[in-house]
Structure formats: structure tokens, C-alpha cells
Amino acid sequence: MSAAVEFRNITKTFGNIVANKHISFEINKGEILALLGENGSGKTTLMNMLAGIYYPDSGEIYVNGEKVDIKSPKDALDLGIGMVHQHFKLVDVMTAAENIVLGLNEKGRFDLKKAAAKIREICDRYGFDLDPEQKIYTMSVSQKQTVEIIKVLYRQAEFLILDEPTAVLTPQETERLFRILRKMKSDGKSIIIITHKLNEVKEISDRVVVMRSGNYISSLKTSDVSIQEMTNQMVGHQFELHVDRTLPEKPEPRISVKGLSVRSEEGVLMLDDISFTAYSNEILGIAGISGSGQKELLEAISGLQKVEKGSIRFTDGEQDTELIGKKPLDIENLGVTLSFVPEDRLGMGLVGNMDISSNMMLRSFRKGGWFFTDRKGPRKLAEKLVRELSVVTPNIETPVRHLSGGNVQKVLVGREISLTPKVLLTAYAVRGLDINSSYMIYELLEKQKQKGVSVVYVGEDLDTLLALCDRILVLADGKLMGAVDARTISKNDVGLLMMGQNIDSHKLLDPNKPYVGDSAETVASEVTHE
């Protein structure tokens, strides 16, 4: 194989932070390479330099053996380098074809029909399923990703960078994407994937490059290295890839949802007649393609979302309380001990400009009154969380916006757990976190379950859901497709339910009944990381 791209002694700094330090390695033609590393390892910064978003402080980049100067994304595209970002950059009201050609400077009058014909040729060549005339706002996440990939292929990219390409795809959609990537590889294209999903790295890549703390660590042939070895290289020491999942003991109803329907502000039905019960001593997973109603479900339970109809009742043996129509403060004043870790960490969860101690006080200031708040308690809690959760911070007076994503999430989850809730709602609790931080969150949730808390876990990665949860509810387009046993159901079956398809009825559980295991043994469950 000959090198398509080569990095030679690339260094990039941001102030006093060294993001990349003398990085040197190559990507070959006709190769799928996985770029691995924890958050902050420098992998995205390096790829952003190749894509023309950043410019290196020192070092050289070679494309097809020639030294190049990439100062903008246009320079990168002119060299045949295209990057597909995790968060899509599409105009919703435009068609696929209009998005694909947007920004191109072609001589004369632009022929959209001719462009659509070229798009269909690309689809036929690689096996994409896309209607060039379809509007973006009507598309699934997988279809939008297809548009982004075709956008760079339309510009004749020979080198593709994919950032977390399977983060929100079903197993079936992931397999379809992998078939397409293999066709591109056989066509001589070079593909680099940034991902945390190590099982998928084993399946799709030819080689892995590992980075740690801004440094190049190793280049390994994928067939010669195990998932455990990849993990050890990333973190720099032996790391256990499992969660000790216990069976629920004496589960009791905590949240009973009946006939719940929710509409968005635009009038779109986001939840359609949902009914289920969440129990104490269990982790109840919620699976679904992005936008299937997961966010609205948690916000409805916590009092943040207006409900069209239905019932949400909290019970704990001492009280039976209807939560519909009550705001979060009303729910708290009723003595309902409910904690919520929202998807938006620095929007709904924490205040970025406030320090750790002050963010602790957000949930306790009313105990001291409006003018004479208790500052000693939150400060002690902040010190305890920093110590016990290994939060990396100069001190507790540091604004949380200066912390890494993993440390922000530790602060948020730790604060909510400190309230000793009977129900803990979590939305994408480990999204974007490295392996160390993710496993700490998994362990915290498992400990809460063992203490009798009803944990509701909304997640994207099916491997994590299957390894962490006891039962999984699957949503598709706002409808409940069914409840399944996380220990026995296959990932493929969950994927079918996520796409709105039915599976054998004997694989489904009653969503209102608790998980019942046939032994009291602890199950060691491997999580390949979300």
C-alpha cells in the first residue's frame, strides 16, 4: 500500500494546552483506519487540521507524496479530503440535491437536474438509498448522514474522515453503512473513522492508530489486537471492560405512566399513548432512534414538559402522587425525591460561569431562604464530589465551563445522586465521554440501583444498554414498540423495534411488570463504550 496522507511531526497548541505533540503516521490508499483515544487525546484536533479547520503550529502534511498547505476546508476539498462531522450541517427546508451542491461555484447556469443525475450515479455505485428530491426535514438520521457523505463524494473526495459515524444509527443502519464503506475501500478510497465503539472498530477497520494526551502511541493491525488491548493502549494501563450488573431485588413500582401523549410546540405528536412502570432496584433503559420521544418522556416525568393527556404517578409506599400538571418545584415541595440528569449539561443541568460549589447550591439554596443561603453545605458537597469522583479541577472555585466534558458530567450526576433520590432520570449520561469517565458513571448508576433507586437510562449505544440495564423500552416515532429483557434480547431485535418493525411476541415483556431473573447471581457485562 502507498500512503494517501502522511503526518510528519505535527504540533498544535491552544494557549498552554498542547493538543498534538510531534504526531507522525500515515494513512494508506484503500484502507479503513480507526483513530482511537480518550477525550482530550487530540484525535479530533488532528483531523480538523487535515480538513482545513485548524492550521498546525509546526510539522508537515503530505498528500499522495507531495507536501501540502491546508489553510481552509476548500483547500482540503481541492485535495480530495472531505470530513463528515457528527453534527450534520444541512439546511432542513432544502432537498438532498440542493444541500449536496450548496456552495459549489460552477460556470454558467447551474443545472439541478444534471446534479441529481450525478447524485444517482454515486448512489448506484456505492449502494446508497437516497432520493435527491427529498426534503431534509423529512429524513431519518441515517438518511441525513447519507447526504453528508454524498456531499463530499460529489466533490470527488478520495479521502473521507468520519466523526462518530454510527453514534445514532441502529445496528441495521450501521451494517448498511459498513457495506458502503467497504465498497469505497475497494474503489481505492481512504477512510478514517473517529469512534469510541471498539467492537465496530474490530468489524470495519484494517488498522488502528492510538493517541493519548496529545501523543501518538501506536499503530496496530486490527486483526492482531483485541478490544481489551486497544482499551489498555488508550488509557495507559490495564482497564476492566465490564459492569457488575446485579439482579433487581424486591422491585416496587416508583413511576407509573399511563396513556401519555405529548406534542411539541409545533404541534407534532412526540409521544403517542405511552404506558409503562419503572421499578425500584432496577435500571430501565430507553432505546430509540434520535427524536423518537426519549427527551420528551423524561421531561414530562420531571415536570418540564407540557402533557396533552395521560397520567404519571409517583409511589413509594408512603405516597401516591399524580405528577401531571406540576412543575419541578411543585414536585419537590410534595416530597417527591426525583433527580434528573438532562441531555443539555451546561444549559438545563449546570451554569457554566458558576463554580462547582455554587452549582451544588442550585439544588439546595431554598433550604437557607432567598437571602441567607447555606453556603457551607454545598461547599462540603463540592469537595466530597471532587474527591470521591476524581473530578479533575484546580479547585472547587473553578467555573464548570472550564472543566472537560467528563468532569462536567461527574459534577452533574454526583449532585443529583447526592439528593438521595428514589427516581433518577438520566439522558445520554455518557455521551461524548471517555472510557474512564463512562465506567465511573456506569458504576454510580449500578450503585444507585442497589440502594433501591429506580434508574431510568436513556442511551444511544445498544451495547451499553444491553450490558447495563435490566429491561429496555423501545420507542419508535413516539410509540412504545415493546419492553424487552436486556440480558437475553439480541441487538438486532432491538434495532428492528427502533425502526418500527415487529419481532416475535414471545421476546417481549409486559412493560408494566418488573424484571424477574431466574438466579441471584451477579452478571459481569462487557460494555464496549458509548
On a full-extension model of 0.36 nm per residue, what is the gain between LEU269 and THR321, subtracting their alpha-carbon distance, rounded to one decimal in nm? 16.2 nm
Scan around ILE324 for amide H atoms under 5 Å from its own, H built in the peptide plane at 1.01 Å from N, and keep only partners 5 or more places away or cross-chain. ILE312
Got a sec? Charge dipole of the range 3-235, +1 on Cβ for Lys and Arg, -1 for Asp and Glu; which of MET184, GLY15, THR95 is way out at the positive end? THR95
Given (i) 167; (ii) 244; (iii) 156 as candidate values of volume of the Cα convex hull per residue in Å³, which corresponds to the one derived from the coordinates? (i)
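For ILE192, ILE227, what ranking results if the residue with the fewest other Cβ atoms within 10 Å of its Cβ goes first?
ILE227, ILE192
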Return the sequence-ordered ³J(HN,Hα) values of the range 275-285 in whole Hz as given by the Karplus equation 6.51 cos²θ - 1.76 cosθ + 1.60 applied to θ = phi - 60°, using x for Gly and Pro. 9, 5, 10, 9, 10, 5, 6, 9, 10, 9, x
Helix-only [θ]222 nm of the chain, DSSP H runs n ≥ 4, -39500 (n - 2.57) each, per residue, nearest 500: -9000 deg cm²/dmol
Burial order of peptide ranges 257-264, 288-295, 337-344, 181-188 (average beta-carbon count within 10 Å, highest first): 288-295, 337-344, 257-264, 181-188
ASN512's amide H: which non-local residues (gap 5+, or another chain) put their own amide H closer than 5 Å, with H modeled 1.01 Å from N in plane and none for Pro or chain starts? THR277
Hey, fewest Cβ within 10 Å first, where do ARG345, ARG401, ARG8 land in order? ARG401, ARG8, ARG345
Report the gain in length on full extension from VAL141 to ASP111: 0.36 nm times residue separation, minus Cα-Cα distance, nm rounded to one decimal. 8.0 nm
Would you work out which of PRO378, ILE81, HIS506 lies farthest towards the positive end of the dipole of the chain, given +1 charges on the beta-carbon of Lys and Arg and -1 on that of Asp and Glu, about the Cα centre? PRO378
Sorted by chain and then number, the residues having a modelled amide H within less than 5 Å of the amide H of ALA34, at least 5 places away or on another chain, are ILE193, ASP206, ARG207, VAL208, VAL209
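Throughout, read-outs are computed from the coordinates displayed, never taken from laboratory work. Note that the structure is predicted; figures quoted are calculated from it, not measured. Methodologically, a virtual Cβ is constructed for each residue, glycine included, from the backbone with ideal geometry; neighbour enumeration extends over all protein chains shown.
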